[in-house]
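Enquirer: Take a look at this one; I'll ask things after.
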Amino acid sequence: MPTLFNTTNVTARRISFVVLFASTLMFISCAALQPPSATGPHGNEPLYPILFIEDSHGKEATLAALNRLGQLSGSSNGTEPELQPVTGTLSSLPPKSNNALYLPKLGAAATMTEEETRESLRRFIREWQELIGSDPDKLSLVERIDRPDGSKLASYEQRPFRYPIRGNYGKLQINFASDRRVLNLTSTCIPDADRMQNALSALNVRLKAEDAVQQVRDNGVTYLDPSGNKQAFSVLASSDVVAKGLTTYILPAKSRTDALEFHLAWEIELANAPFKFVYLDAVSGEIIATA
């Protein structure tokens, strides 16, 4: 006797399969639109801004480098080094009791030429990149000055992202004496920056440059003055307002003390204003800083 098929059940199963398949496709599509977390999922945290979470392993690497530095410099007074919050990079060198840390010596003369000094600084950075928290190839020298007290200062900017870093991060300063002795080292660089770039690359810019400029013209700027008081600034119709380009603006996270916020922001230059630049978030449309 031939087997009888229940066409109603078959149809129902087909409909269920189609619904399930469509739901799966929708889930995958939505997941693809979400920017990946730079440090993995963290509960119910928002997808934007992207958070850089404090990494204990990075801090341990910095402390290990400091221990090696202490052995070389003869520091034995037990003073705790100053590390930057969240990034764990060096805020300042610990005091030394005996010997000092020196830049590598280049050239036969007693005093290095400017070219030799810059090469010596490059070698020093490569040797101590654990303290600095940046790939040496991603650091650019932006200033080398001689101070009135006889010391010298080299200032670098970290440039690991598609858009330049703004805010109080991504900077390195090396203060040294004419005899190559390193007097201080301060770094606000972002460790493991490639991981952050992967997350930033997945973001979609919502506001175009002209939209950002128009928003500033229409709404003005609310900002904090040097005393911390909130002020409102209205842009005159005759004032020049120019979008200079997109930036990677980094701020301490508002929701937690162990994280930094990464924003994509338009750097907008204003004329006749109490500040030179305003930074408008290209994703959320909020003003996040002035400078």
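Enquirer: Using the basic label-point model (7 angstrom from Cα toward the beta carbon), what is the residue 208 to residue 178 distance in nanometres?
Expert: Once both label points are built, they end up 5.8 nm from each other.
Enquirer: Under 5 Å between amide H atoms, partner at least 5 residues away or on a different chain: which partners does residue 48 have, H built in plane at 1.01 Å?
Expert: Under 5 Å from the amide H of residue 48: no residue qualifies.
Enquirer: Okay, moving on. In whole Hz, what ³J(HN,Hα) sequence does the range 108-123 give by Karplus (6.51, -1.76, 1.60; θ = phi - 60°), x for Gly and Pro?
Expert: Values per residue, Gly and Pro as x: 8, 6, 5, 10, 6, 6, 4, 5, 5, 4, 5, 5, 4, 4, 4, 5 Hz.
Enquirer: Please give the contour-minus-distance gain from residue 232 to residue 276: 0.36 nm per residue of separation, less the Cα-Cα distance, rounded to one decimal in nm.
Expert: 14.3 nm
Enquirer: Still on this structure: Taking the mean number of other Cβ atoms within 10 Å as a proxy for protection, how do you rank 185-197, 206-218 from highest to lowest?
Expert: 185-197, 206-218
Enquirer: Once the whole set of protein chains is in place, how much accessible area is left on residue 140, using a 1.4 Å probe, in Å² to the nearest 10?
Expert: Using a 1.4 Å probe on the heavy atoms, I get roughly 40 Å².
Enquirer: At a Cα cut-off below 27 Å, give the lysines reachable from residue 59, other chains included and same-chain residues fewer than 8 away excluded.
Expert: Of all the lysines, those that pass the test against residue 59 - Cα under 27 Å, at least 8 places apart if same chain - are 96, 138, 171, 254.
Enquirer: Show me the ranking of peptides 222-233, 278-289, 258-269 by mean Cβ neighbours inside 10 Å, starting with the highest. Mind showing how you got there, number by number?
Expert: Numbers: 222-233: 10.4, 278-289: 19.5, 258-269: 22.5.
Taking the mean over residues of other Cβ atoms within 10 Å, the ranking is 258-269, 278-289, 222-233.
Enquirer: From the backbone phi of the range 275-288, what are the Karplus-calculated ³J(HN,Hα) couplings (6.51 cos²θ - 1.76 cosθ + 1.60, θ = phi - 60°) in whole Hz, Gly and Pro given as x?
Expert: For the range 275-288, the Karplus curve yields 9, 8, 10, 10, 10, 10, 4, 6, 9, 8, x, 8, 7, 10 Hz.
The values are calculated or read from the model by the stated rules, or taken from the named source; none is laboratory data. As the structure is a prediction and not an experimental result, all values here were calculated from the model. Using ideal geometry, Cβ is built from the backbone for each residue, glycine included, and neighbour counts are taken over all protein chains shown. Ligands, DNA and RNA are stripped out before the accessible areas are found, and what is left, the full protein with its side chains, is counted by its heavy atoms. Shrake-Rupley method; radii C 1.70, N 1.55, O 1.52, S 1.80 Å.
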